[in-house]
Amino acid sequence: MNAGNKPPEQDDVAAQLASAPLPAYAIEMERRLVILETRFDAILPTLATKADLAELRSELLSRMEVVRADLRGDFDTLCGDFDKLRADLSNQFMSMMKWVIGIFVVSTIGTVISVNNMQARGSPPAVAAQPGPAPSVASTPKP
């Protein structure tokens, strides 16, 4: 009688539609639908499932923890290196300050000693104007 569990009226309608000529737009739509179904059949098996995504997430989280631990270790090492550098720069600065203060003290003491020596000797004698030869005035007889 009828094929499957469909009522006989549906079989008649389906038979009439199958035997009727299809318009051009319906043929084009059928062709496009076949292309899309083929693409979906090719793409669907490659899509990730929820289990795949959960596995990927857990793997990424574990790798990120390893990277964080490495970065923490590197950061701690870098902080230690900066502390050593800071101490070394402080030592160098203090050494330079000792030299600057030492040079200042020595030059100040030298200046004070030089000034005291000059005062102890007394001021150099002032150069007095010494009389030179008297100017010669030509005398002319008076008439």
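The values are calculated or read from the model by the stated rules, or taken from the named source; none is laboratory data. These numbers come from a predicted model, not from an experiment. Glycine gets a Cβ as well: all are built from the backbone with ideal geometry, and neighbour counts include every protein chain shown. Heavy atoms of the whole protein, side chains included, go into the accessibility calculation; ligands, DNA and RNA do not. Shrake-Rupley method; radii C 1.70, N 1.55, O 1.52, S 1.80 Å.
Pop out the ³J(HN,Hα) list for the range 87-92 in order, Karplus 6.51 cos²θ - 1.76 cosθ + 1.60 with θ = phi - 60°, rounded to Hz; leave Gly and Pro as x.
Each residue's phi maps through the Karplus curve to give 5, 5, 5, 5, 4, 5 Hz.
Using 0.36 nm per residue of separation minus the Cα-Cα distance, give me the extension gain between LEU33 and THR46 in nm, one decimal. Before the final figure, lay out each step's value.
On the way: separation 13, 0.36 × 13 = 4.68 nm, distance 2.05 nm.
Length gained between LEU33 and THR46: 2.6 nm.
Charges on Cβ only, +1 for Lys and Arg, -1 for Asp and Glu, centred on the Cα centroid of the range 55-108; of GLY73, VAL106, LEU61, which one is farthest towards the dipole's positive end?
VAL106
Taking a probe of 1.4 Å, how large is the accessible area per residue of the range 39-85, in Å²? Spell out each step's value before the answer.
Values: 4400 Å² over 47 residues.
In whole numbers, the range 39-85 has 94 Å² accessible per residue.
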